[in-house]
Amino acid sequence: MDKHLITGGAPLEGDVRISGAKNSVLPILAGCLLTDESVVIKNVPHLNDVTTMMKLLGQMGANLTVSEGLTIEVEARGLNQPYAPYELVRTMRASILVLGPLVAKYGHATVSLPGGCAIGPRPVDFHVEGLRKMGAEITVEGGYIQAVAKNGLKGANINFDIVSVTGTENLMMAAVLAKGKTIIENAAREPEVQDLGNFLNMLGANIQGHGTSTIVIEGVKSLKGGTYTVLPDRVETGTYLVAAAMTGGRIVAKATRANILTSVLEKLEEAGAHIATGEDWVSLDMRGNRPKAVDIYTSPFPGFPTDMQAQFMALNTVAIGKGILTETVFENRFMHAHELRRMGANIQLNGNTAIIEGVPHLTAAPVMATDLRASASLVLAGLVAKGTTTVDRIYHIDRGYECIEEKLAQLGATIKRVAA
Ligand code: EPZ
């Protein structure tokens with residue numbers, strides 16, 4: 001397994017180009033299953049998860065071509081096998097996003113249950129219950145979801161007990177071709193949900209309210225093709241801004257937007273960062289200062305994103321003062337704390353709360369990545385630790401950060417990838 005070797009000490013300086021959002025391009029690729037026409041998707045990040053989703057669509061019979069740079073063309077017309085095997089689904093939970101489109105378009109689907117992952121059990125009961133309400137007959141056995149809707153799906157009123165991003169996305173996609181109206185209450189409001197709704201409407205769907213907690217979808221007979229540009233990745237943006245804050249640097253994140261990570265920018269300002277924003281860029285300048293500790297309470301959008309919790313834990317380990325992190329979305333999303341402690345961090349864990357006392361500096365150590373955002377926090381810690389940190393199992397990072405070594409090196413970091 002590949003490792004990262006990171007030698008700390010340099011403040012990050014310069015420009016970094018932000019890639020398209022992983023958590024937007026994955027549902028959008030699944031949404032291509034809803035039409036027989038050709039769809040062109042632009043600003044696609046080169047990530048392992050994107051490759052996995054493309055492999056999954058290809059295995060089902062869809063035709064995909066990657067044209068220059070960051071553009072993919074998808075044509076699902078030839079799809080002949082609405083089946084998502086365990087081998088692929090277990091490597092990427094977001095594969096569950098093909099369930100709604102397949103049942104809506106083809107009337108049946110067999111999709112492996114994703115199973116849990118490092119950060120929690122992550123059930124998909126909301127996805128299944130919602131499709132049942134829309135008339136699908138669903139059995140779950142042998143680790144697979146078998147869904148059938150011989151006469152197609154029908155509109156329904158769906159109310160989520162807990163906000164679910166992919167639950168909202170799956171049912172919004174299923175409702176697009178259902179007969180009649182579907183109303184989704186307590187829907188996820190993440191920018192990626194809004195991006196998916198805009199993409200589907202571009203194909204001819206009739207969706208209102210995406211991006212708010214109530215989404216209304218009027219089913220249509222069929223969708224056409226089109227071209228769509230994926231929104232920037234707010235978590236990648238936040239990760240580089242935190243890296244600059246921790247190293248006392250000054251960077252400009254380009255090809256991104258400030259209004260998709262407002263809560264993160266507010267916390268960075270609280271930590272002492274000077275933030276400026278433009279139409280498609282965000283800059284951060286620490287003026288050489290050490291960050292101040294901040295308290296974080298994760299919650300669904302527009303609250304503070306759980307996907308930025310690990311990065312702020314890393315920031316708090318070297319900040320001035322004490323920071324308290326409360327993780328309310330996932331049950332087990334503090335694995336990075338154990339690894340950061342190995343580098344000298346002072347972290348107390350108590351259930352879903354972490355109390356971090358900032359220390360003057362961390363010390364390099366061999367550490368191991370456990371999940372995507374935890375691994376990012378270990379790379380950030382390596383950027384400030386004295387000595388050379390080895391981060392193992394960085395395949396986790398490759399799932400969600402395009403060219404992270406190149407982008408960090410361009411900002412002045414000393415980082416390299418070694419094949420183990
Ligand atoms: C999406 O996961 C993101 N992934 C996650 O990003 C992100 O952390 C998460 O939303 C929360 O923002 C993608 O968009 C591909 P949820 P998702 O359904 O949809 C419970 C990353 O790092 N729940 O919003 O799987 C669930 O257990 C990844 O990029 C049920 O109980 O998350 C969790 O506690 C990690 N039953 C809570 O809801 C269900 O049927 C929120 O989960 C579905 C969810």
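The values are calculated or read from the model by the stated rules, or taken from the named source; none is laboratory data. Note that the coordinates shown come from a computational prediction; the quantities given were computed from them, not determined experimentally. For neighbour counting, all protein chains shown are included, and Cβ atoms are generated from backbone atoms with ideal geometry for every residue, glycine included.
Among the residues of the range 373-393 satisfying the criterion of being under 30 Å from Ala21 (Cα atoms) and surrounded by fewer than 24 Cβ atoms within 10 Å (Cβ to Cβ), which is farthest from the ligand (Cβ to nearest atom)? Per the stated criteria, the residue is Thr390. Test Gly412 against the criterion of being touching a Pro at 6+ places or on another chain (Cβ under 9 Å) and more than 18 Å from Gly238 (Cβ to Cβ), and give yes or no. Yes; evaluated as a whole, the condition is true for this residue. Just a yes or no: is a residue in the range 178-197 more than 18 Å from Ile96 (Cα to Cα), among the β-branched types (Val, Ile, Thr) and within 16 Å of the ligand (Cβ to nearest atom)? Yes. With a requirement of 3 or more residues that are closer than 19 Å to Asn316 by Cβ, the helices (runs of 4 or more DSSP H) lying completely within the range 328-420 that satisfy it span 335-342, 372-384.
Selection of strands (runs of 3 or more DSSP E) fully inside the range 138-216 by the criterion of at least 2 residues being over 19 Å from Pro123 (Cβ atoms) returns 181-185, 206-208. Taken over the range 221-255, the criterion of being in a loop (DSSP other than H, G, I, E, B) and either on the phi > 0 side of the Ramachandran plot or surrounded by fewer than 17 Cβ atoms within 10 Å (Cβ to Cβ) (or both) is satisfied by Lys221, Ser222, Lys224, Gly248, Ala255. Being out of contact with any His (no Cβ under 8 Å at 6 or more places or on another chain) and β-branched (Val, Ile, Thr) is a property that holds for Val124. Looking across the range 337-363, just one residue is within 16 Å of the ligand (Cβ to nearest atom) and either on the phi > 0 side of the Ramachandran plot or at pLDDT below 95 (or both), and that is Gly351.
From Gly143, Gly130, Gly135, which residue is touching a Leu at 6+ places or on another chain (Cβ under 9 Å), surrounded by fewer than 20 Cβ atoms within 10 Å (Cβ to Cβ) and modelled with pLDDT of 95 or more? Step by step, each of Gly143, Gly130, Gly135 is checked, and only Gly135 is touching a Leu at 6+ places or on another chain (Cβ under 9 Å), surrounded by fewer than 20 Cβ atoms within 10 Å (Cβ to Cβ) and modelled with pLDDT of 95 or more. Among the residues making up the range 307-329, a single one is surrounded by fewer than 19 Cβ atoms within 10 Å (Cβ to Cβ) and within 20 Å of Asn23 (Cα to Cα): Thr328. Among residues of the range 263-299 being under 22 Å from Ala337 (Cα atoms) and assigned to a loop (DSSP other than H, G, I, E, B), the one that is nearest to the ligand (Cβ to nearest atom) is Ser299.
Screening the range 1-119 for helices (runs of 4 or more DSSP H) wholly inside it with 1 or more residues that are within 15 Å of the chain's Cα centre (by Cα) returns the ranges 22-31, 48-59.
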